[in-house]
Amino acid sequence: MTIEEILIGAVQEAVKALYGAEVTEQQVQLQKTKAEFEGHLTVVVFPFVKAARKSPEQVGTELGQYLTEHVGDVVAKFNVVKGFLNLVINDASWITLLNQIHAEERFGFQPVTVKSPLVMIEYSSPNTNKPLHLGHVRNNLLGAALARIVEANGNKVVKTNIVNDRGIHICKSMLAWLKWGNGETPQSSGKKGDHLIGDYYVAFDKHYRQECDELAKQYVSEGMGEEEAKEKAKQEAPLIKEAHNMLVKWEKNDPEVRGLWKKMNEWVYAGFDETYKMMGVSFDKIYYESETYLEGKEKVIEGLEKGLFYRREDGSVWADLTGDGLDEKLLLRKDGTSVYMTQDIGTAKLRFQDFPIDKMIYVVGNEQNYHFQVLSILLDKLGFKWGKDLVHFSYGMVELPNGKMKSREGTVVDADDLMETMIADALEASKERVKQTEMPEYEAREVARKVGLGALKYFILKVDARKNMLFNPEESIDFNGNTGPFIQYTYARIASILRKAKEQGVDIPDTLPTSISISTKETELIQKINQFGAAVRQAGTDYSPSGICNYCYELTKEFNQFYHDFTILGEQDADLKAFRLSLAKAVAKVVSLGMGLLGIEMPERM
């Protein structure tokens, strides 16, 4: 049992023995003692005052006396400040706790069993008309970290991706390739497939805007107002009409259009796979909108027949949600083609057929808040019992110093380029800190990969997901402050200490003797390590990877202060040296577990 579990049980027994009252574990509030008071853990006594019919100070004193008498092997002494009982925990209990931390391979994690709930988490959701960009990076990192955190809280997890492989935007890239591609392939161009297709998406937009400008000028010369001319040009431009015709052909299974679509998508998927691998992201199941949209159309038609939806004069199908405080939502266009909402309905149906899902979490940007509000209502109206319970993990956008990203104009921050730049920056930073002769080039490059990607991941994940953020590569790669490299450097420092101890023949026993006398600073560090489980639980409750970032940073800060104040390898007392090495080893273990939840690898040397 942990110190907290022992104390909670003892307080329950004390309240029953002293006041004849039964209290639950939840009613026993245990918290870290404030720095200005003596103690390690504090019991809030106010919940027991009514049953005791005594003052908070009296209740605190009586509870303190009971605990020192009945669990004196844990509680060394106590003091009462108003309604708070501050407990001083003896050294032996802290050392026992340290031994337990080492004994548990996945310390702080809850076990996953056959009876564990199954949580499906959707993230990434790329379009096959362009490569992944900085916005996708935040989505993927949040989704992958959330999946690890949810699993660490004792849930079975299915990581899923929905690929937007159909629609007008796909047809734009296909049409541009047909017109201006000259048969270019990833092999002939030397480009990743997703980059190649993205170039044609940009090319389409360039030619389309030229057509719109020319048409708008023509309409204005014919007497039309400027704004009206611009809008009409957007609708009447030959390129956009061709793209729409291609979409209709696609939905009618035109063999030529489908063949081109399949070939170009395969190029894109190969490119995506490379990016996901570099990012450390994976999926258990991938769905494709080209396969799910028909399921969605079927459900919409079914809803139409049941009177849940209605058809307008132009043939389009709508849902009237004004009764739910919203507006009317398009579900099928007048030409019968699907919209995103229809596709999401079909995808949800297939997922719940494929898996016994207890909870469905969508990791999607906050610009889609309304979309998921509507989706939840529509699924509920269509009879899906899980409709109301879906979770939209809404996150803010990544902003850049020079403004928002626009993929159709080719001004995005490409994910591949970003990761390569971060690795290069990390390699350059390491050259400034370490002589090249101290580390072989292959190892230096591997360390740079871990540090560069770690810097990127940590910088993005440390920000509250709900907030917009400004990405600053230079700030993220800093080896000081609240950054990934700072935490990685602390881990590498501990690894170096442990290597030197081994070289000196110092043995770190699996189980330390509990007779060692330790300082307040050392007990505080053990206490901080022990808070990891609570941090994991809170991150799971709040869906908050940033909570893990904050914990890892605080733990490494506390270790660095300890390292500054105490000697480890130079300690003359053999038992105390072994204890401090064990303490450092525990910090490294928990930091590695915490950063692992974020998908960040820890280098043994830096």
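Based on this model, can you work out whether residue 37 counts as aromatic (Phe, Trp, Tyr) and closer than 24 Å to residue 521 by Cα? For residue 37, the condition - aromatic (Phe, Trp, Tyr) and closer than 24 Å to residue 521 by Cα - is met. Every residue in region 269-287 that is outside any helix (DSSP H, G or I), surrounded by fewer than 18 Cβ atoms within 10 Å (Cβ to Cβ) and either touching a Cys at 6+ places or on another chain (Cβ under 9 Å) or not hydroxyl-bearing (Ser, Thr, Tyr) (or both), please. If the condition is that a residue be outside any helix (DSSP H, G or I), surrounded by fewer than 18 Cβ atoms within 10 Å (Cβ to Cβ) and either touching a Cys at 6+ places or on another chain (Cβ under 9 Å) or not hydroxyl-bearing (Ser, Thr, Tyr) (or both), then 280, 284, 285, 286 are the ones that fit. Does region 514-528 include one or more residues that are modelled with pLDDT under 95 and of a type in the set (Lys, Arg)? The answer is yes; a qualifying residue exists.
Could you say which residue among 266, 256 is surrounded by fewer than 14 Cβ atoms within 10 Å (Cβ to Cβ), under 30 Å from residue 188 (Cβ atoms) and more than 37 Å from the chain's Cα centre (by Cα)? None of the other options fit; the residue is 256.
When residue 53 is tested against (1) touching a residue at least 40 places away in the same chain (Cβ under 8 Å); (2) farther than 30 Å from residue 285 by Cβ, exactly one condition is not met: (1).
Matching residues to (1) surrounded by fewer than 20 Cβ atoms within 10 Å (Cβ to Cβ); (2) touching a residue at least 40 places away in the same chain (Cβ under 8 Å):
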position: 104; (1), (2): yes, no
position: 107; (1), (2): yes, yes
position: 115; (1), (2): yes, no
position: 119; (1), (2): no, yes
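Of the residues 542, 510, the single one that is at pLDDT below 95 and of a type outside the set (Gly, Ala, Ser) is 510. Contact map, region 62-79: residues that are closer than 15 Å to residue 42 by Cα paired with residues that are modelled with pLDDT of 95 or more and hydroxyl-bearing (Ser, Thr, Tyr), Cβ distance under 7 Å, separation 6+ or inter-chain. Pairs shown: 74/93; 75/68; 77/68; 78/68. Which residue, of 230, 234, is touching a helix residue (DSSP H, G or I) at 6+ places or on another chain (Cβ under 7 Å), surrounded by fewer than 16 Cβ atoms within 10 Å (Cβ to Cβ), in a helix (DSSP H, G or I) and charged (D, E, K, R)? 234 is the lone residue from the list that is touching a helix residue (DSSP H, G or I) at 6+ places or on another chain (Cβ under 7 Å), surrounded by fewer than 16 Cβ atoms within 10 Å (Cβ to Cβ), in a helix (DSSP H, G or I) and charged (D, E, K, R).
For region 1-23, give me the residue count where each residue is at pLDDT 95 or above and of a type in the set (Ser, Thr, Tyr). Residues flagged as at pLDDT 95 or above and of a type in the set (Ser, Thr, Tyr) within region 1-23 amount to 1.
Every condition in (1) of a type in the set (S, T, N, Q); (2) surrounded by 15 or more Cβ atoms within 10 Å (Cβ to Cβ); (3) part of a helix (DSSP H, G or I) holds for residue 496 except the one numbered (2).
With assigned to a helix (DSSP H, G or I) and over 27 Å from the mean Cα position of the chain (by Cα) as the only criterion, which of 551, 563 stands out? Only one candidate qualifies: 563. Residue 158 falls short on exactly one of the conditions (1) buried (at least 24 other Cβ atoms within 10 Å of the Cβ); (2) within 30 Å of residue 264 (Cβ to Cβ); (3) more than 11 Å from the chain's Cα centre (by Cα), and that condition is (1).
Checking the structure you have, find out if any residue of region 147-163 is among the aliphatic types (A, V, I, L, M) and out of contact with any strand residue (DSSP E or B) (no Cβ under 9 Å at 6 or more places or on another chain). Yes, region 147-163 contains at least one residue that is among the aliphatic types (A, V, I, L, M) and out of contact with any strand residue (DSSP E or B) (no Cβ under 9 Å at 6 or more places or on another chain).
Within region 460-473, if we keep just the residues that are closer than 19 Å to residue 393 by Cα and part of a helix (DSSP H, G or I), the residue that is farthest from the chain's Cα centre (by Cα) turns out to be 460.
The residue pairs whose first member lies in region 304-322 and is touching a residue at least 40 places away in the same chain (Cβ under 8 Å), whose second member is in a strand (DSSP E or B), and whose beta carbons are closer than 9 Å, counting only pairs six or more residues apart or on different chains, are 308/319; 319/310; 319/328; 319/329; 319/330; 319/331; 321/328; 321/329.
Considering region 288-305, and only residues there that are under 28 Å from the mean Cα position of the chain (by Cα) and surrounded by fewer than 21 Cβ atoms within 10 Å (Cβ to Cβ), the residue that is modelled with the highest pLDDT turns out to be 288. Restricting 435, 431, 388, 467 to residues that are modelled with pLDDT of 90 or more and of a type in the set (Lys, Arg) narrows the list to 467. Between 329, 334, the distinction of being outside the structural domain of residue 251 (by TED's automatic domain parsing), part of a loop (DSSP other than H, G, I, E, B) and of a type in the set (Lys, Arg) belongs to 334 only. Does residue 243 qualify as being touching a Cys at 6+ places or on another chain (Cβ under 8 Å) and not aromatic (Phe, Trp, Tyr)? Here the answer is yes, as residue 243 does meet what is asked.
Among the residues making up region 559-586, those that are among the charged types (D, E, K, R), in contact (Cβ under 8 Å) with a residue 24 or more places away in the chain and surrounded by fewer than 17 Cβ atoms within 10 Å (Cβ to Cβ) are 565, 575. Which one of these does residue 80 not meet: (1) more than 27 Å from residue 579 (Cα to Cα); (2) out of contact with any Leu (no Cβ under 8 Å at 6 or more places or on another chain); (3) part of a helix (DSSP H, G or I)? With (1) more than 27 Å from residue 579 (Cα to Cα); (2) out of contact with any Leu (no Cβ under 8 Å at 6 or more places or on another chain); (3) part of a helix (DSSP H, G or I) applied to residue 80, the lone miss is (3). Answer yes if at least one residue in region 127-137 is in a loop (DSSP other than H, G, I, E, B), of a type in the set (A, V, I, L, M, F, W, C) and over 30 Å from residue 340 (Cα atoms), and no otherwise. No, the conditions are met nowhere in region 127-137. All conditions in (1) in contact with a Ser or Thr (Cβ under 8 Å, 6 or more places away or on another chain); (2) exposed (fewer than 14 other Cβ atoms within 10 Å of the Cβ); (3) in a loop (DSSP other than H, G, I, E, B) hold for residue 313, with the sole exception of (1).
The set of residues from region 587-600 being assigned to a loop (DSSP other than H, G, I, E, B) and either surrounded by 22 or more Cβ atoms within 10 Å (Cβ to Cβ) or more than 23 Å from the chain's Cα centre (by Cα) (or both) comprises 598, 600. Considering region 57-90, and only residues there that are of a type in the set (Phe, Trp, Tyr) and in contact with a Gly (Cβ under 9 Å, 6 or more places away or on another chain), the residue that is nearest to residue 39 (Cα to Cα) turns out to be 78.
The values are calculated or read from the model by the stated rules, or taken from the named source; none is laboratory data. All values derive from a computational prediction rather than experimental measurement. Counting neighbours? That spans all protein chains shown, and the Cβs are built from the backbone with ideal geometry, glycine included.
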